[in-house]
Structures are given as C-alpha cells and as structure tokens.
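Below you'll find the structure, written out as structure tokens, and then a few comments.
The values are calculated or read from the model by the stated rules, or taken from the named source; none is laboratory data. The structure presented is a predicted model; accordingly, all values stated were derived computationally and were not measured. Here the Cβ positions follow ideal geometry from the backbone for every residue, glycine too, while neighbour counts run over all protein chains shown. With ligands, DNA and RNA removed, areas are computed over all heavy atoms of the protein, side chains included. Shrake-Rupley method; radii C 1.70, N 1.55, O 1.52, S 1.80 Å.
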Amino acid sequence: MPLLLALLTMLAAFPAYAADRTIYLTFDDGPLNGTSNILDVLEAQQVPATLFMVGMHAQASAGNKALVRRAKALPLVTVGNHSYSHANNRYQHFYADTEGVVADMLRANAVLGLAPAVHARLPGRDVFRLPSTSKNDTSLGLAQEGREEPDYEFVAASGFYLYGWDHEWVHDDTGKPVQSVDHLVSEIDHLFGYGRFVKRGKMILLMHDEMFQDGFDGKTKLTRLITALKQRGYAFGTIQSYDD
Ligand SMILES: [Zn+2]
C-alpha cells in the first residue's frame, strides 16, 4: 500500500477505534461528602462526566448549594436530575404514582436550576427512555415490574432523557467502594471484550458520590481509575453524545 494511503487509512481508523470504546462516567446522589473530590479529579484529568444530583441534597446546606454551582460552571461536567426526594428510598410507593414521580422530578429541576430537556436518572431504576433507546429495569422481578412500573414514556415526555447504566463500581453499606481499581478496570476490559451494552461500544459506569470521600481515599482512587482507562485507550463521552 502506498505510504500516503496507509497513513490516511490509519488516521481514518483511529477515531473509529476510540469511538468504539467509550465510557460515560456517572455519579449519583450528590451533592454529598465526596462530590468536591470528584470535581477536583474531573478538572485535573479533563474528562467529561455526569453528576445526577438529588434536589433535597442540593438544598441541605450552603456548602452543597456551592457544589451545585461549581459543578454547573465546569464545561466538562453535566449536572443531571436524580429526583428531589430520591423516593425517600421507598421505591414501590414512589413508582406507583407516575404523576407524583414527574412532580418530584420537576421539583428537582427547579432546585438544581435545570431546564428541559434534562438528562436524568430515576432513583433506584435502571431504565432508559431516549429518542433512539428504550430499556426497562430487568433486575426487577416480573411481578414487581408489573405492579409498580410507572409510565416511563410519560415521565420522559415531561422533559427528561432517562439513563440507566451498564456497569457499577459497587459500594458497601458505608459507601466504601467494593472492587479495587485494578479489579474494576479488568471488569471493564472484560465487558468491552465479551459483554453487551445497551448501546454498542458505549458503557455507562455508575458510581456514587459518597464513595469518593476522603475517608475512602476517593481522590486517589478516582484518579487511578481514570488514568488506567486513558492508558488503555478508552475514550470518555459526554452524555449529550450517548444516544447518537
Ligand atoms: Zn440514587
């Protein structure tokens, strides 16, 4: 192959490769202890991420309000809606009333200063409702799904893009991360090799803000994760490009 053609082929192939392995970092439940460490790391590493925030937490203190303002001011950070009340962790009750769900989500929009169309994640539900992507929470048993499934189309039509997730950096009851960074990276490698994502070549990684507090060495762990993923050639996507 002539040298120039080979070069052009390589150049053409590289973005396709990067675009084929894209990770979407998402952090739920903030602002909480841990949120400022997340923002520090995202700024230092210059990677995009989405923080799905809880309206009630945003109102809890002046410090939390400042964290929302700081997150919204960062160009690579998207602040998303994760409801006002987080269902008060009574999911069955919460999801029995679709209009109540919408009202709670709209209340969070007002508190967080978000205007439609808003990127959102419903509390405790791995559900997608996007223009070209739709998926229900397959972790719910059929009986439970039938009984408490709200009208997700109605929620989405009320001004929300709903995102679930493909993989989770799990935490224990205290909020401490379960997998080591190395273990998580090997899980991600494996999933890109053999797994199936909601959208091909795109992995939404679920994490929670509380995991990154100082007591759990959050800043170091998140930095190590992002550095390792960069070294392995993964791209980091903004949530706005996920459904393309
Ligand atoms: Zn949550």
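Does ARG232 count as under 24 Å from ARG121 (Cα atoms) and more than 16 Å from the ligand (Cβ to nearest atom)? Show your work before the answer.
On the way: under 24 Å from ARG121 (Cα atoms): no; more than 16 Å from the ligand (Cβ to nearest atom): yes.
So ARG232 does not fit the description; no.
Give the residues of the range 1-26 that are modelled with pLDDT of 85 or more and open to solvent by 20 Å² or more (accessible area, probe 1.4 Å), sorted by residue number. Steps first, please.
Here is the first cut: in the range 1-26, the residues modelled with pLDDT of 85 or more are 20-26.
Hits for the range 1-26 are ASP20, ARG21.
What's the total number of residues in the range 197-213 that are part of a loop (DSSP other than H, G, I, E, B) and either more than 17 Å from SER241 (Cα to Cα) or within 16 Å of the ligand (Cβ to nearest atom) (or both)? Steps first, answer last, please.
Keep residues of the range 197-213 that are part of a loop (DSSP other than H, G, I, E, B), which gives 197-198, 200-201, 213.
Among the residues that remain, those that are also either more than 17 Å from SER241 (Cα to Cα) or within 16 Å of the ligand (Cβ to nearest atom) (or both) are: 213.
Looking only at that region, the number is 1.
Taken residue by residue, the range 66-89 has at least one member that is part of a helix (DSSP H, G or I), aliphatic (A, V, I, L, M), out of contact with any strand residue (DSSP E or B) (no Cβ under 8 Å at 6 or more places or on another chain) and within 14 Å of the ligand (Cβ to nearest atom).
Selection of the range 156-196 for residues being part of a loop (DSSP other than H, G, I, E, B), open to solvent by less than 60 Å² (accessible area, probe 1.4 Å) and over 23 Å from ASP29 (Cα atoms) yields only GLY195. In the range 111-122 there is no residue that is of a type in the set (D, E, K, R), in contact with a helix residue (DSSP H, G or I) (Cβ under 8 Å, 6 or more places away or on another chain) and open to solvent by less than 30 Å² (accessible area, probe 1.4 Å).
Within the range 132-155, restricting attention to residues that are modelled with pLDDT under 80 and part of a loop (DSSP other than H, G, I, E, B), which residue is farthest from VAL101 (Cα to Cα)? Out of the qualifying residues, it is GLY141.
Among the criteria (1) open to solvent by 50 Å² or more (accessible area, probe 1.4 Å); (2) within 14 Å of the ligand (Cβ to nearest atom); (3) of a type in the set (D, E, K, R); (4) touching a Phe, Trp or Tyr at 6+ places or on another chain (Cβ under 8 Å), the one ASP104 does not fulfil is (1). In the range 118-136, what residues are in contact (Cβ under 8 Å) with a residue 60 or more places away in the chain, within 16 Å of the ligand (Cβ to nearest atom) and among the charged types (D, E, K, R)? ARG121 - this is the single residue of the range 118-136 that is in contact (Cβ under 8 Å) with a residue 60 or more places away in the chain, within 16 Å of the ligand (Cβ to nearest atom) and among the charged types (D, E, K, R).
Name the single residue that is nearest to the chain's Cα centre (by Cα) among those in the range 49-60 being open to solvent by 10 Å² or more (accessible area, probe 1.4 Å) and over 7 Å from GLY30 (Cα atoms). Even if it seems obvious, please write down each step before you answer.
At the first step, the residues of the range 49-60 found to be open to solvent by 10 Å² or more (accessible area, probe 1.4 Å) are 56-57, 59-60.
Filter again for over 7 Å from GLY30 (Cα atoms), leaving 56, 59-60.
Values: MET56: 19, GLN59: 21, ALA60: 22 Å.
This residue is MET56.
Only a single criterion out of (1) modelled with pLDDT of 95 or more; (2) over 30 Å from VAL185 (Cβ atoms); (3) away from the ligand (no atom under 15 Å from the Cβ) is not satisfied by ALA115, namely (1). Would the range 235-244 turn up any residue that is of a type in the set (D, E, K, R), surrounded by 13 or more Cβ atoms within 10 Å (Cβ to Cβ) and either in contact with a Pro (Cβ under 7 Å, 6 or more places away or on another chain) or part of a strand (DSSP E or B) (or both)? Yes: one or more hits. Considering every residue within the range 27-37, establish whether at least one is at pLDDT 95 or above, more than 16 Å from the ligand (Cβ to nearest atom) and of a type in the set (A, V, I, L, M). For the range 27-37, residues at pLDDT 95 or above, more than 16 Å from the ligand (Cβ to nearest atom) and of a type in the set (A, V, I, L, M): absent.
Residues that are in a loop (DSSP other than H, G, I, E, B) and over 11 Å from MET53 (Cα atoms) within the range 115-131 comprise ALA115, PRO116, ALA117, GLY124, ARG125, ASP126, VAL127, PRO131, listed in sequence order.
Is one or more of the residues making up the range 83-95 within 17 Å of THR26 (Cα to Cα), touching a residue at least 40 places away in the same chain (Cβ under 8 Å), open to solvent by 20 Å² or more (accessible area, probe 1.4 Å) and not acidic (Asp, Glu)? Yes, the range 83-95 has at least one match.
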